[in-house]
Amino acid sequence: MQDNNKQQKDNIRATNAFESSSFIRKLKYLFLNSAQKRIYKELLKNSKTKDAFKTDFNKENVFEVVNFNFWYDKKEKHILKDININIKRNKVTALIGPSGCGKSTFIRCLNRMNNQINNTSFDGNIFFDDGTNLSSKKLSTLELTTRVGMIFQKPSPFPMSIYDNVAYGPRSHGINEKKILDKIVIESLKDAALWEEVKHNLFDSGTSLSGGQQQRLCIARAIALKPEVLLMDEPTSGLDPISTSKIENLINQLKKHFTIIIVTHSMAQAQRISDETIFFWQGRTIEEGLTSQIFTSPKNTKTKEYVSGKIG
């Protein structure tokens, strides 16, 4: 456990140094230990081998993924294999496929969350928004996680009040004026369809809410920073049908303002809420297209077998 904590701290210090401005980066490098310097040099090597910008990036897309591979455990586990897909802007895109096919790993690559895991590696490119490479040092981790929010499978409100949960992000970005925070909290809770249920107890603990309410609180917390993209990793898998319906209705409202990418094991849910669907199988993307086409007239036999329930 201590070794893992040390490796994580080394990763964080090396990444923070690497993502600093040119002068500060050189200064911070001097204070890194040998392990941190090795991580730093690997980050520098990767950045030099990546195209910083994709000149032919299509503005209809929010992500363009080119020849992307990802490994765990020092390349012993090849999880994502030659991924080449585009994800449309201001649409809901569902990622479907059996357990272990790489969906959750992929979605975590879209905000560099996997970079915090030891002994992982990747090659290929993921281009974002205006064509900037996610691996480019022009895009800091703080900026990326602000622009690409994340909702996890299990609701994870902070152990603080409902109000402070939503205000946490804005405060961390230096917004402390009460009138501004009040406005952000109210608007975010309204946008997350939670305001009417909590407006009289904003200073109760966020963990006192029901599971479905906690998940909507996490969504409110994410959208308080006005991200461009919301990543959702099975956000309704542990919820009852009524809470699931509320989250799905919320997703249909949020897509007017955000691009949403959702991992789901429910074929019915994918059909109800998504505009586009991408089918993963054994680490590869087998087929992508309009959800209506994927479920009614898939081009690939494997896709047809999966969406019909013959394989899973």
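The values are calculated or read from the model by the stated rules, or taken from the named source; none is laboratory data. Fair warning: this is a prediction, and the values are worked out from it, not measured in the lab. Counting neighbours? That spans all protein chains shown, and the Cβs are built from the backbone with ideal geometry, glycine included. Surface accessibility is based on the protein's heavy atoms, side chains included, excluding ligands, DNA and RNA. Shrake-Rupley method; radii C 1.70, N 1.55, O 1.52, S 1.80 Å.
Counting only residues that are crowded, with 18+ Cβ neighbours inside 10 Å and in a loop (DSSP other than H, G, I, E, B), the stretch 282-297 holds 1 of them.
Summed over the stretch 132-170, residues that are open to solvent by less than 10 Å² (accessible area, probe 1.4 Å), in contact with an Asp or Glu (Cβ under 8 Å, 6 or more places away or on another chain) and of a type outside the set (A, V, I, L, M) total 1. Identify all residues within the stretch 143-160 that are in contact (Cβ under 8 Å) with a residue 12 or more places away in the chain and out of contact with any strand residue (DSSP E or B) (no Cβ under 6 Å at 6 or more places or on another chain); write none if there are none. Residues satisfying the conditions are L144, T145, T146, R147, K154, P155, S156, P157, F158, P159, M160.
The residues of the stretch 171-184 that are open to solvent by less than 100 Å² (accessible area, probe 1.4 Å) and either in contact (Cβ under 8 Å) with a residue 60 or more places away in the chain or closer than 20 Å to D204 by Cβ (or both), listed by number, are R171, L181, D182, I184.
Every condition in (1) among the β-branched types (V, I, T); (2) surrounded by fewer than 18 Cβ atoms within 10 Å (Cβ to Cβ); (3) modelled with pLDDT of 95 or more holds for I117 except the one numbered (3).
Out of everything in the stretch 185-208 that is farther than 22 Å from N252 by Cβ and outside any helix (DSSP H, G or I), what residue ends up being most open to solvent (accessible area, probe 1.4 Å)?
Initial filter on the stretch 185-208 (farther than 22 Å from N252 by Cβ): 185, 199-208.
Within this subset, residues satisfying the condition of being outside any helix (DSSP H, G or I) are 199-205.
Numbers: K199: 71, H200: 167, N201: 47, L202: 27, F203: 148, D204: 71, S205: 46 Å².
Applying the filter and picking the extreme gives H200.
If you filter the stretch 209-226 down to residues that are among the basic types (K, R) and surrounded by 21 or more Cβ atoms within 10 Å (Cβ to Cβ), you find that the one that is farthest from G174 (Cα to Cα) is R216. Return the residue satisfying two criteria in turn: it lies in the stretch 120-131 and is touching a residue at least 60 places away in the same chain (Cβ under 8 Å) and part of a loop (DSSP other than H, G, I, E, B), and of such residues it is surrounded by the most Cβ atoms within 10 Å (Cβ to Cβ). Of everything passing the filter in the stretch 120-131, D129 is surrounded by the most Cβ atoms within 10 Å (Cβ to Cβ).
Condition first: more than 18 Å from T264 (Cα to Cα) and of a type in the set (S, T, N, Q). Now tell me which residues in the stretch 101-128 satisfy that. Full working, then the answer.
Filtering the stretch 101-128 down to residues more than 18 Å from T264 (Cα to Cα) leaves 111-128.
Residues satisfying the conditions are N111, N114, N115, Q116, N118, N119, T120, S121, N125.
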